[in-house]
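What follows is one structure encoded as structure tokens, with my remarks underneath.
The values are calculated or read from the model by the stated rules, or taken from the named source; none is laboratory data. Not measured: the values here are computed from a predicted model. Backbone-built Cβ (ideal geometry, glycine too); neighbour counts: all protein chains shown. Only protein heavy atoms, including side chains, enter the accessible area calculation; ligands, DNA and RNA are left aside. Shrake-Rupley method; radii C 1.70, N 1.55, O 1.52, S 1.80 Å.
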Amino acid sequence: MLDGKKVLFSGMQATGTLTLGNYLGALKNWVTISDEYECFYSVVDMHSITIRQDPSELRKRARSLLTLYIAAGIDPEKNCIYYQSHVSAHAELAWILNCYTYMGELNRMTQFKDKAQKHADNINAGLFTYPVLMAADILLFQSDVVPVGIDQMQHLEITRDIAQRFNGIYGDVFTVPEIYLGKAGAKIMSLQEPEKKMSKSDENPNASIYLMDDTDSIIRKFKRAVTDSEAQIVYRDEQPGIKNLIDIYCAAAGKTPEETVKEFEGKGYGEFKSAVGETVAGILKPVQDKYQELVKDKSYIDAIIKNNAQKANYFASKTLRKVQRKIGFPDKIR
Ligand code: TYM
């Protein structure tokens, strides 16, 4: 609890270009629920370096992501939007938690296995302990809730395990966080291979809708989306392409699968795909326009970066001090 409100933490990596999956699975929900919580939204640039990054590109992307958070509708006066690397307590707590996390637990992480396979020439220790840094992010703010897409579920479970283990030894140090999944859109699939998650790192640009794609590209990509030859708009696992388009439509238009199936009953795939494309383009356009306006205001964004880093540091260092005392680190002499 902070100022009588429950605490929310979430973050995104400053790698690649945000996709519709990131938006519908996370960012859009952040905006919807932010009023109810004291929120911390981080640009997790420290996680990004588990994969080799071009330094100037990383800096650019981090700023652009932070700006996108605001463009998507998160009020930076009311919510703490900041760079993870500006709050050193993330790294300090991650080190401590590393000593309370088992190799066996980390070995089970499917995202580690996937990334290790994709980046076989750079399976670094950071990639392996990535979930521990994530646990540090969340526990540092005594977060009650963490809105993410389904792909982060395993990382949330290990965070809860680490928190409970730590509390079991030292008493109630950490709040054990709950995962928050949106009603729709928690797992958006590739438009070209609907059995695969839509991902920033997909090499095929037609597989993903990027947040900054223009209306024509969005509509074109949906038209090309892989479906099937069943010729019926039904929400079922046997038609993964159509199921994904229904999920996207539901998340974008705020409808349920039943309502969507009814709305398009008897209609062709072409008509349905156009409707999905137009709806998605319609919700992204205001975000894109706002983004273009914000990037011009350098001093405004700079002020947010500065003020929010101070705020995040203040709360994070409180938890860190508590943890350090519990485990027996000597007090600083002031
Ligand atoms: P990242 O940057 O890969 O993704 C950011 C958010 O987008 C969600 N997401 C999706 N949701 C639905 N469908 C998809 N296809 C899809 N792709 C991505 C993710 O679930 C996530 O919510 N490790 C995290 C970042 C992180 C974090 C944290 C999150 C670091 N520390 C602490 C929460 C709390 C990551 O790489 O997300």
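Across S48, S208, S217, mean-square fluctuation computed from a Gaussian network of the chain (C-alpha pairs under 10 Å connected) peaks at S217.
Using a 1.4 angstrom probe, figure out how much accessible area region 1-122 has per residue, in square angstrom, rounded to the nearest whole.
Heavy-atom accessible area per residue stands at 45 Å².
With a cut-off of at most 14 other beta carbons within 10 Å, and DSSP calling the residue loop, which chymotrypsin sites (Phe, Trp or Tyr not before Pro) in region 33-127 qualify? Please list them.
Values: sites: Y37, F40, Y41, Y69, Y82, Y83, W95, Y100, Y102, F112; in loops: Y100, Y102.
The qualifying sites are Y102.
Decide, for region 215-293, between rounded, prolate and oblate: order the square roots of the alpha carbon gyration tensor eigenvalues as a ≥ b ≥ c, take rounded if a/c falls under 1.5, and otherwise choose prolate if a/b is larger than b/c, else oblate. Working shown, then result.
Numbers: a/c = 2.42, a/b = 1.78, b/c = 1.36.
The shape class here is prolate.
Counting only other residues whose beta carbon sits under 10 Å from that of T19, what net charge do I get with K and R as +1, D and E as -1? It works out to a net charge of 0. Surface composition of the chain: carbon plus sulfur atoms hold 51% of the accessible area, using a 1.4 angstrom probe and ignoring ligands, DNA and RNA. Amide H to amide H distances under 5 Å link K6 with E38, where only residues 5 or more positions off or on other chains count and H is placed in the peptide plane.
Over region 215-293, what is the relative contact order in percent, taking alpha-carbon pairs closer than 8 angstrom and at least six residues apart? Please report the intermediate quantities before stating the final value.
Values: 75 pairs, mean separation 31.1, N = 79.
It rounds to 39 percent for region 215-293.
Here is what passes the span test in the chain: the DSSP H helices with alpha carbon length of 20 Å or more along the helix axis and a Kyte-Doolittle mean of -0.5 or above are 55-71, 125-140, 153-170, 269-295.
Applying both filters, DSSP loop and at most 11 other Cβ atoms within 10 Å, to the GluC sites (Glu not before Pro) of region 165-221 gives E195, E203.
Calculate the FRET efficiency for V234 and I333 from the Cβ-Cβ distance with a Förster distance of 41 Å, rounded to the nearest 0.05. All intermediate terms of the calculation are to be shown ahead of the outcome.
On the way: r = 69 Å, r/R0 = 1.69.
It comes to 0.05.
Counting only Cα atoms, the size of the chain along its three principal axes is 73, 46, 42 Å, in decreasing order.
Restricting to Cα pairs below 8 Å that are 6+ residues apart, what does the relative contact order work out to for the chain? Please round to a whole percent.
Values: 499 pairs, mean separation 74.9, N = 334.
Reported as a whole number, the value is 22 percent.
Taking a probe of 1.4 angstrom, what is the accessible area of H155 in Å², to the nearest 10? Surface open to solvent at H155 totals about 10 Å².
If you count only protein heavy atoms with a 1.4 Å probe, what accessible area per residue comes out for region 215-293, rounded to a whole Å²? Mind dumping the intermediate values first?
On the way: 3950 Å² over 79 residues.
Ligands and nucleic acids excluded, the result is 50 Å² per residue.
For K223, the aspartates and glutamates whose Cα falls under 13 Å of its own Cα, not counting residues fewer than eight places away in the same chain, are E271, E278.
Given a Förster distance of 41 angstrom, what is the FRET efficiency for K78 paired with K113, based on the Cβ-Cβ distance and rounded to 0.05?
Working: r = 39 Å, r/R0 = 0.94.
The value I calculate is 0.60.
Here K311 is the anchor, and the lysines within straight C-alpha reach of less than 21 Å, apart from those fewer than 8 places off in the same chain, are K5, K6, K78, K298, K322.
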